[in-house]
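**Student:** Provided herewith is a single structure, encoded as structure tokens, for subsequent inquiry.
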Amino acid sequence: MTLTDEGEYLQARAKEIIQLADQTATNIQKEQVVTGTLSIGAGESIGMQRIMEVLSEIIQDYPDVKIRLVSGNADEMETALKHGTIDFAVLMAHRSLDSYHHLQLPETDRWGLAMQKDNPLAQKNAIKPADLIGLPLLVSEQALDEHRFQDWWGNVGNNLRLVQNENNRSGLFCYPKS
């Protein structure tokens, strides 16, 4: 029997985890203190919830470890990884990760609308592209560059009123109360 590519990947990750656990036990037995700064790059994403839970445990177990969170889009985080200015990144984008050791998080980002509670659209269970015609919309530059909404907008996209700023990374359509 031979391992599949996924099996080899899992075996390698398991060996790393065991090595880390062994090293941690050795450090504790030798009364060595684990210190340093862990730099994490990510955008504002649901995927960060899982990372924050792990970081909470790290901080409790190793109070001398400092955490540095760097916010940015996937392109900025990939550049920071290449330059070594962050230790790891959470990338919620469709891109090749072949040159990185990586894990696939089960979370996926969902896009939504932000509006006043009394707006008629707030009463709807689902928003259709036609509902947005004529409303000023803020959409992240990254989403526009990656054409994330083109399929959803369909032929209504040309009728939508996009109001842009250079670094809107909110991941939300936003518009003021009318």
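**Student:** Given (1) surrounded by 11 or more Cβ atoms within 10 Å (Cβ to Cβ); (2) not aliphatic (A, V, I, L, M); (3) not in a loop (DSSP other than H, G, I, E, B), where does Glu107 come up short, assuming only one miss?
**Tutor:** Among (1) surrounded by 11 or more Cβ atoms within 10 Å (Cβ to Cβ); (2) not aliphatic (A, V, I, L, M); (3) not in a loop (DSSP other than H, G, I, E, B), Glu107 violates only (3).
**Student:** Is it the case that His102 is of a type outside the set (S, T, N, Q), loosely packed, with under 12 Cβ neighbours inside 10 Å and assigned to a loop (DSSP other than H, G, I, E, B)?
**Tutor:** Answer is no for this residue.
**Student:** Identify all residues within the range 110-120 that are over 24 Å from the mean Cα position of the chain (by Cα) and surrounded by 14 or more Cβ atoms within 10 Å (Cβ to Cβ); write none if there are none.
**Tutor:** The one that is over 24 Å from the mean Cα position of the chain (by Cα) and surrounded by 14 or more Cβ atoms within 10 Å (Cβ to Cβ): Asn119.
**Student:** Return the residue satisfying two criteria in turn: it lies in the range 64-94 and is within 13 Å of the chain's Cα centre (by Cα) and open to solvent by 60 Å² or more (accessible area, probe 1.4 Å), and of such residues it is farthest from Ser39 (Cα to Cα).
**Tutor:** Looking at residues that are within 13 Å of the chain's Cα centre (by Cα) and open to solvent by 60 Å² or more (accessible area, probe 1.4 Å), I get His94.
**Student:** Something else now. Quick check, is Thr108 closer than 28 Å to Leu38 by Cα and either modelled with pLDDT of 80 or more or not polar (S, T, N, Q) (or both)? Steps first, please.
**Tutor:** Working: closer than 28 Å to Leu38 by Cα: yes; either modelled with pLDDT of 80 or more or not polar (S, T, N, Q) (or both): no.
No: the conditions fail for Thr108.
**Student:** Which of the residues that make up the range 128-148 are within 19 Å of Thr108 (Cα to Cα) and assigned to a loop (DSSP other than H, G, I, E, B)?
**Tutor:** Val139, Ser140, Glu146, His147, Arg148
**Student:** Tell me, please, whether a residue that is within 22 Å of the chain's Cα centre (by Cα), within 18 Å of Tyr100 (Cβ to Cβ) and part of a helix (DSSP H, G or I) can be found in the range 8-23.
**Tutor:** yes
The values are calculated or read from the model by the stated rules, or taken from the named source; none is laboratory data. Source: prediction; values computed, not measured. Because the Cβ atoms are built from the backbone with ideal geometry, glycine has one as well, and the counts that use them run over all protein chains shown. Just so you know, the surface numbers come from the protein's heavy atoms only, side chains and all, with ligands and any DNA or RNA stripped out. Shrake-Rupley method; radii C 1.70, N 1.55, O 1.52, S 1.80 Å.
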